[in-house]
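Reviewing the structure listed below.
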Amino acid sequence: MRCIHRFFLFVICFATTLPLAAQEISMQSSSSAHSETTAAILQPGWMKDTAAKLQRELVVKYGDQQRMRAERGLRQVAEFWRAEDGDAAAFEAFVAANFAGDQATLDTMFDRFQRLLEQIDGHMHEISREFNQQSDLDLGPVLPFDELFAGYDPSAHVIDDFFQNKLAFTVLLNFPLATLDECLKDGGAWSRRQWAEVRLAQRFGKRIPSNVNLAIAQAGAEAAQYVSEYNIWMYHLLDPQGQRLFPPKMRLLSHWNLRDEIKANYADTENGRAKQRMIQQVMDRIVTQTIPEIVVNNPGVDWNPYTNEVKAASEKDIDGPAKENSAGTTITNTREPDTRYAVLLKDFNVSRRVDAYSPTAPTLIDRRFNEDREIPEVRLKAMLEQILTSPLVPQTAKLIESRLGRPLEPFDVWYNGFRPGSQYTEAKLDEMVAKKYPTAEAYQKDIPNLLMKLGFSPERARYVANNIIVDPARGSGHAMGSQMRAEKAHLRTRVEKTGMNYKGYNIAVHEMGHNVEQTFSLNDVDYTLLQGVPNTAFTEALAFVFQGHDLELLGLPAPDAKSEAEKTLNDFWGTYEIAGVALVDTAVWHWMYDHPQATPRQLNEATVQISKDIWNRYYAPVFHKNDVVLLGIYSHMIDAFLYLPDYPIGHMIAFQIEEQMKKTGAIGPEFERMARMGRVTPDRWMEHATGRPVGPEALLEATQRALAAAGVR
Ligand SMILES: [Zn+2]
């Protein structure tokens, strides 16, 4: 489901001092790639002497107790000050006027920035929500200009403006830019105000020129376009006997639809396995780029993915002209010319342009792990390895083999046979939901009730419900929180003419979980500078808690122990699969930083090798087959700039939160207690929520219990 967290500002911990192990990795991998670019930013020549003189003057004026603050503030301002911001005299005048040398002035400054930044965030978000209304909501046709409104980002230049008018420098002069290391090491002893000050400063911890940001947006859009048009026309796949295994008109988008078709075919006892093997072969050809260019998104040719033979389609399954052969008329099986990797290299090259403006996190890898996730790469890697090498993996594999009645094949990384049983058919559930919620208003009216069933007191349930507005969604549904307390959260849900169906209801309950989190973490957090959660995995986990109780909210029995166990095993197997994918994604980015001059062909070869290596290490032992490249198939690897590690983290976090909810029983108060923590580091948040930092233990423990319940030891 689509969950919108627009304006989720990347306000994050920086990493001037990475933990030692991470430092080694980052130095070894990226020194060659960006050493010359970092030097490209020149501080004005007078800066060093002027800053030293100003520091002495500030100490004389405000006393020795301000020495540390003055030193830090001047260093932070100097880091971002450019010649166009003014000469030495302008710098001196700025510092003299804006250094808050006593606590009362500092408090006033902190309060005022907090209040006014909430205003600008909130109103920008409000404009953006209004501009997107026509495309987001079920309000009739979207005209071309509506799309222009929706694509406009009113906040795009705020950071630039704040550097230009020097409000950003005022913050940098007075509040600390903490490193991730400091957040992790010292954060436990910080007061809430100190955390809020750190988050305030981090908003201005980067000054990326707008042309660089624009280039990133363009590369991202191009990559998304490449991915979104990468369809395989399944009716035109021929098996070695020349048979068509798939139905006419079936068009599958790589990799999501291809993967889901593998999952769906477990139910086909006749041809399922042949189809799954064929999809695996197609995926192999995409990753290695031995796929004939002409078969991509083209129902006009038939293709045998085993022999790689291509010919004009002997049967037509769609109306309208087929895609022209780019060469004109001849049909050949000339391979796709490494376009997949050319697109990825473009992502890399444009990301490198930020490196020079990001001295504390000088590679995209650093920015993703140390800033966006705030979990050091070495730690995440250790967590993933804990899952990948767990003895529970071969045990689960054995259980899958016994259910399938055969040894595992590589495509079984997407095995989907762990299923919670349901005593109700979807049609029956549709009927119940439509009766209960004929309109969006009916759902809106029921929210206080639903929240009370989840253990919220009547008073808290009413309070939260009053902060949620239900809108009819154009698509499947999403949650849109607000960014200021004067605004409400929006729950967008799909309601058919015949009333809400079960799928829509299930999504609405999920989105309601987001809205409740958004309400507590904005309206009830002590500092609005700390509003939100550490990253999207946390709000997703909280939303899943709600979603997991959707049947009870309908007045039906909760899932039984067997269903719970199946769900756990499904999550565990999915985490095992995506953990390897995350390692491939990360290793490929390291390889690019190590080989900044690589050609698409070389990146192709490297990605294939990395995929095989990780497979051979963590998967071959249970799949008994070497050199499989399937871990390299994810499309997000091509268009999402090292996003894939978020998935396994999400699974681990969800389990930790779920286990904690089970322990305490009442969801409501526990949910509120967790959500009010706001946006501190993931570990800090999780320790507050569950007593333990982020980690795979909860998932592994639950899996162990589930395997025992399934009779595996
Ligand atoms: Zn969600």
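Points to keep in mind about this one:
- Some residue of segment 607-622 being part of a loop (DSSP other than H, G, I, E, B) and modelled with pLDDT of 95 or more: yes
- Ala710 vs. criteria crowded, with 19+ Cβ neighbours inside 10 Å, in contact (Cβ under 8 Å) with a residue 60 or more places away in the chain and more than 24 Å from the chain's Cα centre (by Cα): yes
- Among residues that are modelled with pLDDT of 95 or more and within 13 Å of the ligand (Cβ to nearest atom), Val545 is not included.
Condition check ((1) assigned to a helix (DSSP H, G or I); (2) over 22 Å from Trp615 (Cβ atoms); (3) at pLDDT 95 or above) across all residues:
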site	(1), (2), (3)
Tyr643	no, no, no
Tyr647	yes, no, no
Lys663	yes, yes, no
Phe671	yes, yes, yes
Met674	yes, yes, yes
Met686	yes, yes, yes
Gln704	yes, yes, yes
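- Identity of the residue in segment 491-514, assigned to a strand (DSSP E or B), modelled with pLDDT under 95 and not acidic (Asp, Glu), that ends up farthest from the ligand (Cβ to nearest atom): Gly499
- Hits in segment 519-537 (condition: assigned to a helix (DSSP H, G or I) and either within 11 Å of the ligand (Cβ to nearest atom) or among the β-branched types (Val, Ile, Thr) (or both)): Thr519, Thr528, Thr536, Ala537
- Test for Gly477: is it crowded, with 23+ Cβ neighbours inside 10 Å, within 16 Å of the ligand (Cβ to nearest atom) and on the phi > 0 side of the Ramachandran plot: yes
- Test for Ile331: is it within 24 Å of Leu245 (Cα to Cα), modelled with pLDDT of 95 or more, of a type in the set (Val, Ile, Thr) and in contact with a strand residue (DSSP E or B) (Cβ under 9 Å, 6 or more places away or on another chain): no
- Residue list for segment 353-389, filter: polar (S, T, N, Q), within 30 Å of Arg82 (Cβ to Cβ) and part of a helix (DSSP H, G or I): Asn370
- Taking every residue in segment 460-483 that is within 17 Å of Tyr443 (Cα to Cα) and part of a loop (DSSP other than H, G, I, E, B) and pairing it with any residue that is within 16 Å of the ligand (Cβ to nearest atom) and of a type in the set (S, T, N, Q), at least 6 positions away or on another chain, the pairs with Cβ-Cβ distances below 9 Å are Asn467/Asn515; Asn467/Gln518; Asn467/Thr519; Ser476/Thr493.
- Hits in segment 472-501 - residues which are more than 19 Å from Lys436 (Cα to Cα), touching a Leu at 6+ places or on another chain (Cβ under 9 Å) and not charged (D, E, K, R): His478, Ala479, Met480, Gly481, Ser482, Gln483, Met484, Ala489
- Qualifying helices (runs of 4 or more DSSP H) (wholly inside segment 56-167; at least 1 residues being farther than 30 Å from Leu530 by Cβ): 88-98, 103-136, 144-151
- The test for being among the acidic types (Asp, Glu), touching a residue at least 40 places away in the same chain (Cβ under 8 Å), under 25 Å from Ala217 (Cβ atoms) and surrounded by 15 or more Cβ atoms within 10 Å (Cβ to Cβ) holds for Asp136.
- Answer from Leu556, Leu569 - the residue that is in contact (Cβ under 8 Å) with a residue 60 or more places away in the chain and either under 19 Å from the mean Cα position of the chain (by Cα) or surrounded by 18 or more Cβ atoms within 10 Å (Cβ to Cβ) (or both): Leu569
The values are calculated or read from the model by the stated rules, or taken from the named source; none is laboratory data. Computed from a predicted structure; not experimentally measured. Using ideal geometry, Cβ is built from the backbone for each residue, glycine included, and neighbour counts are taken over all protein chains shown.
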